[in-house]
Amino acid sequence: MVTTPSLDTQATRVTVRGDRLLADITRLAAIGGRLDGGVDRVAGSAADLAARDWLGARIAEAGCVTWRDPTGNIFGRAPGGRDPWLLAGSHTDTVPGGGRLDGAYGVLAALETLRALHESGHPAARCLEIVSFWDEEGAAPTSTGGLTGSTAFCASDHVKRVAAFLEPHIEQGPRMEAAGFDLAVVDGIVGIDRHTVVVTGETNHAGTTPTDRRADAGRAAARILIAVRDVAAEADPSMVANVGCVEVLPGAPNVVPGEARLVVEFRAATRAALDLAAARLAARAEEAAREERCTAAVTPLSSKPESRFDPALRDLLGRTCADLGVPTTSMVSFAGHDAGVLSRHVPTAMLFVPSTGGVSHAPAEHTPDRQLVLGCQALLDTVVAWYQTRGERQ
């Protein structure tokens with residue numbers, strides 16, 4: 001457990017410039033901005049490349065050093081700094097028609113933290129490195145599935161010079177706002193398992209085949225789809241599940257489907273819960289198919305492991321949030337983030353601010369200005385506390 005040194009007194013404490021942070025959020029949102037308030041800045045697009053150029057220019061304007069690596073990740077640090085670095089940031093690419101905060105907030109909060117520390121001459125500026133990772137979203141047709149920049153970074157020699165990683169982010173869900181929390185320390189990221197369910201029945205004429213003689217793969221698949229939510233709740237009450245892909249074949253209105261396919265996704269914080277859901281899905285699929293005179297096969301499609309963040313760094317972040325005197329909680333992220341990749345290589349923590357109405361990946365994505373500034377200040381205070389703690393250890 002890290003013992004957090006006392007932060008600077010209020011008289012000498014470095015504070016972020018909220019007006020500058022909010023102005024940067026507005027300026028970045030204009031790059032790829034849409035008339036409906038959304039943002040089109042898919043990785044590799046002209047807007048995405050322009051945003052990266054803009055970010056590099058803002059870092060340089062602050063009197064800091066900036067560069068990009070071969071993957072396209074953008075970095076910045078104060079002149080005269082030295083490793084090991086405390087890395088902070090997120091990503092600036094978006095999904096099509098996305099919001100102005102997802103990813104971008106974390107990058108700009110890191111930028112404002114670096115600027116404020118550098119301008120004040122605080123020595124913690126010399127240990128901070130900021131980053132905007134390439135293609136977190138995986139929304140481009142040529143994407144390999146997202147988290148591209150952070151994955152490449154963790155395979156490079158650069159990661160060996162990083163001591164820890166902090167990622168500020170919007171929650172992208174409704175839990176914080178509903179409970180009245182301004183800040184949240186993230187415990188980890190859920191694992192995500194996907195399964196393909198194939199139901200095989202008998203193709204036949206829909207007009208002449210009596211109902212009680214049918215082996216209707218579509219009807220069996222519908223029963224499995226309805227059961228998915230119950231399967232998740234039985235495995236773990238906090239688990240979420242989704243069936244977003246459904247196909248019946250041959251796909252004609254006058255033909256009883258002889259085959260049906262579903263893709264089922266489960267998200268949970270533990271491997272045990274995901275494994276239990278998979279087993280129960282297979283059992284329910286077999287039962288539903290048998291009762292409809294069909295067969296069912298459930299096959300794993302993909303699996304992303306759950307991430308647990310560093311306890312000491314989480315504790316440090318939690319203490320600095322508590323020092324701000326605002327309602328703070330801890331929670332698990334149900335969305336994937338670059339922090340999940342970094343956590344397998346260096347001590348990692350995440351900080352959430354609320355999302356209004358739980359809306360994200362949409363033009364209505366929003367967080368009140370007060371909470372955006374508050375989260376940035378919490379990041380800065382954590383950087384200072386981390387620097388002080390490292391100094392004590394040395």
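Could you tell me the relative contact order of segment 84-182? Use alpha-carbon pairs under 8 Å, at least six residues apart, and round to a whole percent.
After rounding, I find 38 percent.
Can you bin segment 211-287 into rounded, prolate or oblate? Criterion: square roots of the alpha carbon gyration tensor eigenvalues sorted a ≥ b ≥ c, rounded for a/c under 1.5, prolate for a/b above b/c, oblate for the rest.
Note, shape of segment 211-287 comes out prolate.
Ignoring everything except DSSP H segments at least 4 long, calculate the 222 nm mean residue ellipticity for the chain; use -39,500 (n - 2.57) per segment, divide by total residues, nearest 500.
Helix-only estimate at 222 nm: -11500 deg cm²/dmol.
In terms of modelled amide H atoms, which long-range or inter-chain residues lie less than 5 Å from the amide H of Thr367?
Long-range HN contacts for Thr367: Thr356.
Dividing the Cα convex hull volume of the chain by residue count, how many Å³ per residue is that?
Cα-based convex hull of the chain, divided per residue, equals 147 Å³.
Cα extents of segment 145-294 along the three principal axes, largest first, in whole Å?
For segment 145-294, the Cα extents along the three principal axes come out at 70, 38, 26 Å.
Any read-out appearing in this document is the output of simple, stated calculations on the displayed coordinates, not a laboratory observation. Given the structure is predicted, the values throughout are model-derived calculations rather than measurements.
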